[in-house]
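Throughout, read-outs are computed from the coordinates displayed, never taken from laboratory work. Computed from a prediction, not measured in an experiment: that's the story for all the values here. Virtual Cβ from ideal backbone geometry, glycine too; neighbours counted across all protein chains shown.
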Amino acid sequence: MNAWQYLGIPPNSDKRTIKTAYARLVKDCHPEEKPDEFMALRQAYEMAMSRAAAPRPRDEGFPTTSPVAPSPASSSPRPSAEPVAAEPGPAEPKPELEPQPISRPQPVSAERKPVDGREVRRLAEELAACVEQTAGSASAFKSAEALLNHPLLEFMNVRDAIGDHVLTVIWRMVSAAPPKSCPVDRQVLLTLDGVFGWSSGFRDVPRLPMDNLYLLLDAAHTSEIERSNRLGWKWLGRLMARSKGRISRLEWLFAFLVLVSGTVATLGIVQGVMNAFHGNRYHSSIFIIAMLLAIVSFFAFTTKRSVDAGVTPTAMLIISCIFPGALLFFILGSPKEHSRYEDPRNTFTDPLDAAYWDIRGHQKRYSIGRWFRAFFRKLSPRLLWGLGGYIVVGFTLSRLIAP
């Protein structure tokens, strides 16, 4: 088996690339649901890791001493074994513009003091307690800046030992927290990862499921990247006009509100323009065209909602024509698995929370209030301000021209 082709990465990739590819592929092959694929993926992962560069060595436990800085060479010249006879005659003077050699000052020979193991353990316990108390809030975690800038963390073996201790605390929090959302804030994970360098190479910490922890770290980095990806006018156009795909109940509600308020605002703006130039009310043909476009848009996003509820578009159209009240069941139907279209709720789900739910094996999702906050945080501010301004102008004009 070619491990590189199985992981989908170039040959002789570094451990960071191997780990990222493994964390991406392991989501689709759960060991209980697809044991054969999981074993093949695990075998390819171990084979690729064995061919990569060996991990940096580190000491077990908390170190007690630090390496001694080597003594620099002495600046005093060594005596020559045989004296060199001086040449007779006066020495030739050097030109004034010729640069003279400048002697560099030699560093003072000094030894670093040994590191006290009790001090290292005290720092590890203080940092672990700070993580447990403030890991859920990035603003509260700022109190740990003094600990993260401690001089002891300049030693690689001390930093690795304390990092392993902090990882143990994080996994204990992840294992004991309720399955609502990840108990560790994204910025907290990224800050700790930047200090201890967990993502720079695969680390094997005893009694810790490192695969799950690396999945959580990769999700934190992905969440930070996707934080700036907002949904704008292009997404709204596909939502209102296209009939292929799936949408959630919250997206359907947003599209319905935009459709109703946008139609009224458009009619108000059209009538305001006609009054300004022609001085008469709009004809019934304009109203009919606006209503036809609104009906087509309504059936477009309602069709996508029925697909998410597990009903084919043809069946939805036939049943809704015979029993219009059945549309309510299609709109409020529970989401079903679909082999062709991706779950639309993934767009508004934080990757860190999704990885946390996969690690815990829970199917629980956000509450209604959390869904609303996640939905509107994903929308572009330009989209919200543009829609709001358009609707306000349209409603104002419609009120002014009302008889």
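Pairs over the 27 Å Cα-Cα cut-off, from the set 34/234; 234/304; 19/378; 27/378; 180/378: 34/234; 19/378. Working note: Karplus 6.51/-1.76/1.60 with θ = phi - 60° gives the range 313-326 the couplings x, 5, 5, 5, 5, 5, 5, 5, 6, 7, 10, x, x, 5 Hz, where Gly and Pro are set to x. In this Cβ point-charge picture (+1 for Lys and Arg, -1 for Asp and Glu), the range 252-382 has a dipole of about 280 debye about its Cα centre.
Each of 300, 285, 229 was scored by the projection of its Cα onto the charge dipole of the range 229-320, and the greatest displacement toward the positive side belongs to 229; charges sit on the C-beta of Lys, Arg, Asp and Glu. The Cβ shell under 10 Å around residue 255 holds other residues with a net charge of +1, Lys and Arg each +1, Asp and Glu each -1. Amide hydrogen proximity for residue 231: with H placed 1.01 Å from N in the peptide plane, the residues at 5 or more positions away or on another chain lying under 5 Å are 379, 380.
For the range 312-403, what class follows from the C-alpha gyration tensor (a ≥ b ≥ c being the square roots of its eigenvalues): rounded when a/c is under 1.5, otherwise prolate if a/b is larger than b/c, else oblate? In terms of gyration-tensor shape, oblate.
Just so you know, the averaged projected area of the alpha carbon convex hull for the range 266-356 sits at 9.5 nm². Structural size metrics of the range 113-272, computed from C-alpha coordinates, are Rg and Dmax of 23.5, 84 Å. Of the trypsin sites (Lys or Arg not before Pro) in the range 313-403, the ones in a loop by DSSP (not H, G, I, E or B) with at most 10 other beta carbons within 10 Å are 340.
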